[in-house]
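Contents: one structure, followed by commentary.
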Amino acid sequence: MPQVLFKNHSGSEVTVNLCGATVTSWKHEGEEFLFCSKKAVLDGSKAIRGGIPIVFPNFGPWELGPQHGFARIKEWKQASDPRDGENGAVSMDFSLEDDDQTRQMWDKKFRLVYTVTLMQNTLETALTVHNTGGEEFDFTTLLHTYVRVEDIMTTTITGLQNCTYTDKVHVGEHVEEREAVVIDENYDRIYQAVDGAVNVNQDMQTLGTLRIERDNLPDVVVWNPWQEKAAAMSDLVPMEYLEMVCVEAGAVTSRVVLPPAQQRTFSQKLIICRGQQVIL
Ligand code: TA6
């Protein structure tokens with residue numbers, strides 16, 4: 001599957017695989033900030049295990065098609081060349097439209113435009129959903145970001161305190177009491193209507209804090225398969241669960257309804273905040 005790489009003038013570069021328009025790598029000053037498995041399948045035959053797969057039009061198991069929808073496994077088009085924006089930003093667009101295959105699963109007319117923007121210290125990814133048909137449709141969507149961590153054991157996630165979450169592992173609904181969430185087991189939680197940014201905090205000397213800001217993506221899913229599940233996954237090296245955490249910005253707890261001829265944009269900013277205080 002073709003890949004596109006582009007750079008900005010402040011030492012960042014991003015790689016996008018046209019399979020799913022999946023951002024598979026984002027480097028700043030030579031340091032990689034996204035996790036992508038060494039066993040990830042990059043030929044388009046399945047979703048890429050890493051980077052930022054795009055979930056659309058359904059988060060989770062789906063009676064009409066594959067888990068997490070088809071957008072992450074379809075071949076997207078490169079819809080623009082890299083273009084310069086304000087303050088040294090560089091952007092590129094990718095697009096996907098309905099075709100016979102998508103209409104067989106989900107009989108809707110749509111156009112998706114995914115804009116990937118490199119700014120200084122920041123990667124912005126914005127998905128615009130256009131309803132190009134004559135009827136309204138509804139969907140869920142999510143940016144399934146795999147954050148690279150040096151060591152999951154010393155990583156914390158802040159910004160989730162007091163949020164209600166649905167736990168897929170210890171089934172039920174709970175309220176997050178911790179200021180700093182620690183991942184130390186198979187973890188799969190949907191935090192609902194999270195206000196403000198979420199931070200992935202690591203050692204200041206290495207990756208520091210990655211701040212995730214969201215627009216129109218109220219929910220945050222936190223996932224790590226942990227040892228046993230990781231070992232059973234064909235596209236993950238068993239010990240790689242120690243090097244990743246998925247912090248996924250989504251609109252998943254309520255379905256988004258889009259009337260005909262309307263569009264809506266869902267975006268996130270991943271912001272490198274090196275040197276910030278780490279909460280352990
Ligand atoms: O977003 C979390 C999640 O839905 C988990 O339940 C987990 O299974 C994960 O996504 C990965 O799903 P995938 O289909 O990519 O194997």
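The values are calculated or read from the model by the stated rules, or taken from the named source; none is laboratory data. All values reported here derive from a predicted model rather than from experimental measurement. All Cβ positions, even for glycine, are placed from backbone atoms using ideal geometry, and neighbour counts span all protein chains on display. Side chains included, ligands, DNA and RNA excluded: accessible areas come from the protein's heavy atoms. Shrake-Rupley method; radii C 1.70, N 1.55, O 1.52, S 1.80 Å.
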Could you please find all residues in the range 66-85 being more than 12 Å from the ligand (Cβ to nearest atom) and without any contact (Cβ under 8 Å) to a residue 12 or more places away in the chain? Asp81, Arg83, Asp84
Name the residue that is farthest from the ligand (Cβ to nearest atom), counting only residues in the range 201-223 that are aliphatic (A, V, I, L, M) and over 19 Å from Thr164 (Cα atoms). Met204
Being surrounded by 15 or more Cβ atoms within 10 Å (Cβ to Cβ) and farther than 22 Å from Gly159 by Cβ is true for just one of Glu228, Glu240, Glu213. Which residue is that? Glu240
Specify the residue that is surrounded by the most Cβ atoms within 10 Å (Cβ to Cβ); the eligible residues are those in the range 96-109 that are free of Cβ contacts under 8 Å to residues at least 40 places away in the same chain and not in a loop (DSSP other than H, G, I, E, B). Thr102
Could you list, in sequence order, all residues of the range 110-140 that are assigned to a strand (DSSP E or B) and of a type in the set (Asp, Glu)? Glu124, Asp138
Scan Glu63, Glu32, Glu13 and give me the residue that is within 16 Å of the ligand (Cβ to nearest atom) and either surrounded by fewer than 23 Cβ atoms within 10 Å (Cβ to Cβ) or over 13 Å from Leu143 (Cα atoms) (or both). Glu63
In the range 16-29, residue most open to solvent (accessible area, probe 1.4 Å) [restricted to those that are part of a loop (DSSP other than H, G, I, E, B) and at pLDDT 95 or above]: Leu18
Let me spell it out: the conditions are (1) more than 16 Å from the ligand (Cβ to nearest atom); (2) of a type outside the set (Gly, Ala, Ser); (3) in a strand (DSSP E or B); (4) open to solvent by 60 Å² or more (accessible area, probe 1.4 Å), and Thr253 meets all of them except one. Which number is the exception? (1)
Can you tell me how many residues within the range 125-141 are open to solvent by 10 Å² or more (accessible area, probe 1.4 Å) and either over 17 Å from Phe59 (Cβ atoms) or without any contact (Cβ under 8 Å) to a residue 12 or more places away in the chain (or both)? 8
I'd like the residue in the range 142-166 that is within 12 Å of the ligand (Cβ to nearest atom) and under 20 Å from Ala193 (Cα atoms) and, out of all such residues, is surrounded by the fewest Cβ atoms within 10 Å (Cβ to Cβ). Thr166
Just one of Val175, Val182, Val169 is within 14 Å of the ligand (Cβ to nearest atom), surrounded by fewer than 20 Cβ atoms within 10 Å (Cβ to Cβ) and aliphatic (A, V, I, L, M); which is it? Val169
